[in-house]
Ligand SMILES: Nc1ncnc2c1ncn2[C@@H]1O[C@H](COP(=O)(O)OP(=O)(O)OP(=O)(O)O)[C@@H](O)[C@H]1O
Ligand SMILES: [Cu+]
Ligand SMILES: [Mg+2]
């Protein structure tokens with residue numbers, strides 16, 4: 001629903017209001033419903049419904065059994081009818097609307113099942129009321145008690161689940177605080193200064209490098225780029241932007257470096273966090289149908305066919321419309337998802353909070369359900385298996401026209417505009433020389449290759465070795481192989497199209513990496529390395545870690561293609577990455593996992609974020625997911641499985657043997673399973 005609203009209100013002044021609003025309000029989309037669905041304020045709905053439900057529960061018997069605290073008096077039937085009617089329309093509305101959406105999409109699921117339950121309970125009870133009050137044909141049992149508790153428990157379940165998602169979102173915000181929450185401002189003289197977001201003022205100019213998050217709302221004054229505004233507008237495609245175009249704080253800059261004149265500040269930073277939070281919650285439903293919805297759909301069809309079947313058979317057998325009607329209603333009431341409605345939300349709530357405590361931010365809870373099928377883990381090298389903390393090990397100049405110092409200085413001029421780990425290494429080296437960095441213009445990021453720009457009227461390009469090979473550019477092979485075989489990453493500098501020099505950089509393998517690879521292998525998950533780096537450097541790292549499958553010198557789209565290739569082979573793929581070049585494959589993979597310290601683009605694209613950037617947390621995630629899936633399955637059995645027996649019995653399948661499930665026994669089964677489901681969810685652990 002945020003999606004829709006954001007499209008309507010495209011002025012940042014209105015963002016502010018919404019941002020505050022939505023943190024407190026329960027307007028979250030729920031799985032099983034269209035994004036544009038309003039759940040309304042669930043917390044408020046729950047408490048108002050509680051006040052309506054208590055008198056109903058006291059004044060009307062549960063499926064005909066009188067509980068000790070219950071009572072009736074003349075006219076109490078009328079009170080129950082009035083309260084129940086208000087409750088049905090007020091408390092039941094989110095579910096009825098949800099069902100409408102599901103049926104429109106020809107995909108009945110949880111909302112439809114709940115709506116069927118409450119509608120049948122309500123309509124039949126009204127019929128019972130009329131019959132008991134005005135027609136003299138014996139007492140007809142009503143289901144007002146069931147109606148009230150069903151609505152209450154469903155509201156509670158959805159509120160709990162929504163809270164779980166919001167808490168995960170808060171953790172996302174916290175994590176975003178750990179990430180650089182700064183902006184680079186630039187003055188008239190062209191000096192760059194990094195300041196915290198709060199210090200940025202309207203009218204100032206900020207530089208946004210490729211892959212960075214746009215810090216504020218503003219207008220582009222220099223450069224052109226493509227920008228992904230999906231977290232703000234919900235439109236998940238890149239939009240090209242050039243001078244005079246508006247950018248929105250919180251969107252993610254694509255491949256160009258731009259300068260932006262700030263038009264909105266302060267809360268736009270906060271706002272972007274909220275937007276991400278909401279959008280990630282919304283993204284949830286997109287991938288696979290959740291287990292609970294599948295069960296709900298089945299239960300819906302089964303209940304409906306058994307209900308109608310029972311009606312027809314009993315009508316033919318007894319020729320008594322009343323008996324046939326009562327059988328049908330009993331079936332539909334017994335199938336009601338009292339426990340099912342809590343079974344999954346409680347597990348999700350427990351699981352996401354456990355995850356957050358252990359440094360796992362689960363943005364898409366489908367990841368928990370899919371994890372047990374994972375048999376292939378694709379891992380990026382730089383920044384994921386290695387620290388991405390480069391230091392320069394060699395600088396070479398290939399002709400006498402330029403010195404090593406020139407190579408370093410020219411490269412720094414470009415790297416000053418990049419957020420790639422390799423850029424940081426070059427700039428560290430440049431700093432030692434105490435020389436000022438020349439100014440570069442027209443900078444463009446070439447994903448998976450490097451970047452280009454103009455410095456002192458020279459056309460400069462920093463590229464990888466595969467770029468040289470692809471374009472048949474001549475370079476000193478022996479120097480390259482000597483450096484690469486040591487595991488170094490080598491970046492070449494082209495000046496006006498000629499290979500002028502190179503810089504080699506070394507990185508350290510993360511200490512936890514080797515153990516994690518072993519653990520994954522012992523779980524039967526095959527590790528594969530995907531890297532944009534050169535083959536030799538990749539082999540060096542992979543051999544040390546014990547990874548047999550390597551794909552090197554990949555462009556971002558090739559990484560994504562490899563994910564698809566594995567999927568085509570029938571593999572379930574988990575992808576772990578940190579860079580801009582990993583983003584497409586993170587989205588494509590069955591589960592995308594981003595390193596928390598990685599680029600914003602990667603973090604946005606992932607289903608799970610390792611907040612502490614600790615690789616061991618991949619194993620924790622798998623363990624949490626396995627236990628969560630187990631709990632979900634158990635809870636589905638406790639919450640819905642008993643219907644396998646209860647529904648046929650309620651339909652009267654064993655009537656010939658004198659066995660008819662009385663509604664009272666059905667009610668006891670139902671409450672019992674609700675309690676079990678709740679306790680079971682709380683017992684979830686990571687081991
Ligand atoms: N900013 C940059 N500075 C220098 N070289 C770069 C830069 N960006 C890319 N390159 C070159 O392009 C290659 C591929 O870069 P890419 O970002 O796709 O992968 P990577 O970060 O090296 O490795 P991985 O895919 O394992 O993270 C690098 O190895 C490097 O040679
Ligand atoms: Cu129920
Ligand atoms: Mg990387």
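Every number here is computed from the coordinates shown, using simple stated rules; none is lab data. Predicted model, so just to flag it, every value in this text is computed and none were measured. Heads up, the Cβs are rebuilt from the backbone with ideal geometry, glycines too, and the neighbour counts pull from every protein chain shown.
Things to note:
- The label point for residue 320 and the one for residue 435, both projected 7 Å from the Cα toward the Cβ, are 10.1 nm apart.
- Calculated SAXS-style log₁₀ I(q)/I(0) at q = 0.11, 0.18 Å⁻¹ - the range 391-506, Debye, Cα scatterers: -0.30, -0.85
- Distance from the range 401-438 to the range 561-600 (C-alpha centre basis), Å: 31
- Which of 420, 158, 620 has the fewest Cβ neighbours within 10 Å, and the rest in rising order: 620, 420, 158
- All Cα pairs of the range 289-428, percent lying beyond 27 Å: 61
- Gap separating the Cα centres of the range 608-622 and the range 135-155, nearest whole Å: 48
- Ranked 382, 318, criterion: other C-beta atoms within 10 Å, fewest first: 318, 382
- More than 16 angstrom apart: percent of Cα pairs within the range 546-658: 70
- Note on residue 201 and residue 71: the model spin-label points, each 7 Å out from Cα along the C-beta direction, lie 7.0 nm apart.
- Globularity index of the range 59-107, i.e. its alpha-carbon radius of gyration over 2.2 N^0.38 Å: 1.64
- Extension gain for the segment residue 477 to residue 404, taken as residue separation times 0.36 nm less the Cα-Cα distance, is 24.5 nm to one decimal.
- Distance between the modelled labels on residue 308 and residue 498, one decimal in nanometres: 8.2 nm (7 Å Cα→Cβ projection).
- Fewest-first sequence of 78, 638 by Cβ atoms within 10 Å of each Cβ: 78, 638
- With R₀ set to 60 Å, the beta-carbon distance separating residue 660 from residue 523 gives a calculated FRET efficiency near 0.75.
- Order by protection proxy (mean Cβ within 10 Å, highest first), peptides 391-397, 205-211: 205-211, 391-397
- For the Cα trace of the range 106-161, dividing Rg by the Kirkwood Rh returns an Rg/Rh value of 1.13.
- On the beta carbon distance between residue 141 and residue 486, with R0 = 60 Å, the FRET formula returns roughly 0.15.
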